[in-house]
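Bear in mind these aren't lab numbers, they're just calculated from the coordinates by the rules spelled out. In this text the structure is predicted, and so the values were computed from the model without any measurement. Neighbour counts run over all protein chains shown; Cβ positions are idealised from the backbone, glycine included.
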Amino acid sequence: QVQLVESGGGSVQAGGSLRLSCAASGYTYSSSCMGWFRQAPGKEREGVATIDSDGSTSYPDSVKDRFTISRDNAKNTLYLQMNSLKPEDTAMYYCAAAEANGPCTVVAATVYGMDYWGKGTLVTISS
């Protein structure tokens, strides 16, 4: 069974940092496209970072200078380092993975979707 389990969410003040982790199991993690998405109440889902099997990354301009996605294939774990957090970063953050061939970018992952999703971890940034 494919499973993605997020951890590391919590509440921090604006300007602080959080490091999210996603433990993957049940599929060929090393060959997959991985990403992080977020969704705030009443808003559409937003892709915040993707990373392909070779380590190439993609970010939207809104987080590019603050967030960093990385993966440890030996540990089957995905990470999202979030710095200089803002209240508008408050959302449920989801780990996602795709096994099919294709582009691994924020745009592609957002438009065409991913194959597997975690249950999410809540990030709350207070002003």
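Within the chain, which is the longest segment that contains none of the GluC sites (Glu not before Pro) sitting in a DSSP loop with at most 15 other Cβ atoms within 10 Å?
45-98
Name the residue from V48, Y93, M34 whose Cα lies farthest towards the positive end of the charge dipole of the chain, charges +1 on Cβ of Lys and Arg and -1 on Cβ of Asp and Glu.
Y93
Based on Cβ point charges of +1 for Lys and Arg and -1 for Asp and Glu, what charge dipole magnitude is obtained for the chain about its Cα centre, in debye rounded to the nearest 20?
Here the chain has a charge dipole of around 280 debye.
Please list, ordered by chain and number, the residues whose modelled amide H lies under 5 Å from the amide H of A49; skip anything fewer than 5 residues away on the same chain.
Distant-sequence amide H within range of A49: W36.
Using the C-alpha gyration tensor of the range 60-112, what are the square roots of 5 times its eigenvalues, in whole angstrom, with the largest one first?
Working from the Cα gyration tensor, I get semi-axes of 21, 16, 10 Å.
In terms of modelled amide H atoms, which long-range or inter-chain residues lie less than 5 Å from the amide H of T105?
Hits under the 5 Å cutoff: none.
For Cα pairs less than 8 Å apart in space and 6+ apart in sequence, what is the mean separation divided by the residue count of the chain, i.e. the relative contact order in percent?
36
Which lysines, on any chain, are close to K86 with Cα under 16 Å apart, when same-chain ones fewer than 8 places away are left out?
K64
When the convex hull of the C-alpha atoms of the chain is computed, what volume per residue in Å³ does it have?
94
Along Cα→Cβ, 7 Å out, is where each label goes; now give me the distance between the ones at E99 and A40 in nm to one decimal.
My value for the distance between the label points is 3.5 nm.
Specify the residue with the greatest mean-square fluctuation among A49, A109, A23, computed from a Gaussian network of the chain linking alpha-carbon atoms under 10 Å apart.
The residue with the greatest mean-square fluctuation here is A23.
At what distance in nm do the modelled label points of V12 and S62 sit from each other, each positioned 7 Å from its Cα along Cα→Cβ?
In this crude label model, V12 to S62 measures out at 1.9 nm.
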